[in-house]
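The values are calculated or read from the model by the stated rules, or taken from the named source; none is laboratory data. This is a predicted model, so every value here is computed, not measured. Positions of Cβ are generated from backbone atoms using ideal geometry, with glycine treated the same way; all protein chains shown enter the neighbour counts. Please note that ligands, DNA and RNA were not included when accessible areas were found on the heavy atoms of the full protein model with its side chains. Shrake-Rupley method; radii C 1.70, N 1.55, O 1.52, S 1.80 Å.
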Amino acid sequence: MRGLCLLVAALIVSGCASTTESNTGRTATEQLLLARAADRAAEGLILPIPQGARIFVDDVYFRVDNGAYAVSAIRASLSDAGYRLATDRNQSDAIFEIRAGALSLEQMRRVVGLPEMRIPINENLNVVSLPELSVYSRRDRMGVAEFSGFLYDARTGAPLGAVSPMIGRYRIRSHKALMVVSWGQTSANPGERDPGSSWKEF
């Protein structure tokens, strides 16, 4: 009896612990999807001017969420390609003005069966929610990035060429069978550049 009382007391004490988490605007997976898409968009960037030129990256019109990360990815790609980065536009050979067409998240769900539905039941717009009834469903979560820009001479303002849209996508995929059995990629992992095959992850 004494042992039982000690066990109950231990369970009560251990059940009092709690963990505090910080809440940001985006989850870690959402942030990583955007970052990986930005990395892929900026990868292999080449400008229509000789390597070794001093480039000032003008990001005044680059206004998107996670924009600072994307600008840094573009600068890193230029450095990898052999260009010198200028911190002052007056000390550069060319200005590379960049803009963002997109840096956001997309989600797509495919269902074999009946998807979740909301059905209005009266004139007051009251609705009834019907759960999903499916044999198989698939959920894709994808970061999408599209950047572009143009070059002009830092002294004369003469055009030096344009860069066609740089496009990057990074996707994770999860599956569910009979609304019970789940497998696939439910999150993006830090440091992971290729999510691999979702069919092999359980």
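Listing for the model above:
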{"quantity": "Residue within segment 135-143 that is open to solvent by less than 70 Å² (accessible area, probe 1.4 Å), among the hydrophobic types (A, V, I, L, M, F, W, C), out of contact with any strand residue (DSSP E or B) (no Cβ under 9 Å at 6 or more places or on another chain) and under 29 Å from Gly168 (Cα atoms) present", "calculated": "no"}
{"quantity": "Unique residue being closer than 30 Å to Ile172 by Cα, assigned to a loop (DSSP other than H, G, I, E, B) and small (Gly, Ala, Ser) when the list is Gly113, Gly52, Gly101, Gly44", "calculated": "Gly44"}
{"quantity": "Test for Ser148: is it closer than 24 Å to Leu45 by Cβ, polar (S, T, N, Q) and in a strand (DSSP E or B)", "calculated": "yes"}
{"quantity": "Counted residues, segment 160-189 - those being within 16 Å of the chain's Cα centre (by Cα) and closer than 30 Å to Ile55 by Cβ", "calculated": "5"}
{"quantity": "Long-range neighbours under 9 Å by Cβ, at least six apart or interchain, first residue among the basic types (Lys, Arg) within segment 54-67, second open to solvent by 40 Å² or more (accessible area, probe 1.4 Å) and not in a loop (DSSP other than H, G, I, E, B)", "calculated": "Arg54/Arg84; Arg54/Leu85; Arg54/Gln91; Arg63/Arg99"}
{"quantity": "Restricting segment 175-188 to residues that are open to solvent by 70 Å² or more (accessible area, probe 1.4 Å) and in a loop (DSSP other than H, G, I, E, B), the residue that is farthest from Pro115 (Cα to Cα)", "calculated": "Thr186"}
{"quantity": "In segment 65-85, the residues that are surrounded by 19 or more Cβ atoms within 10 Å (Cβ to Cβ) and not in a helix (DSSP H, G or I)", "calculated": "Asn66, Tyr83"}
{"quantity": "Exclusive hit being open to solvent by less than 70 Å² (accessible area, probe 1.4 Å) and part of a strand (DSSP E or B), set Ile172, Ile167", "calculated": "Ile172"}
{"quantity": "Where Leu78 falls short, out of the listed (1) within 27 Å of Arg155 (Cβ to Cβ); (2) modelled with pLDDT under 95", "calculated": "(2)"}
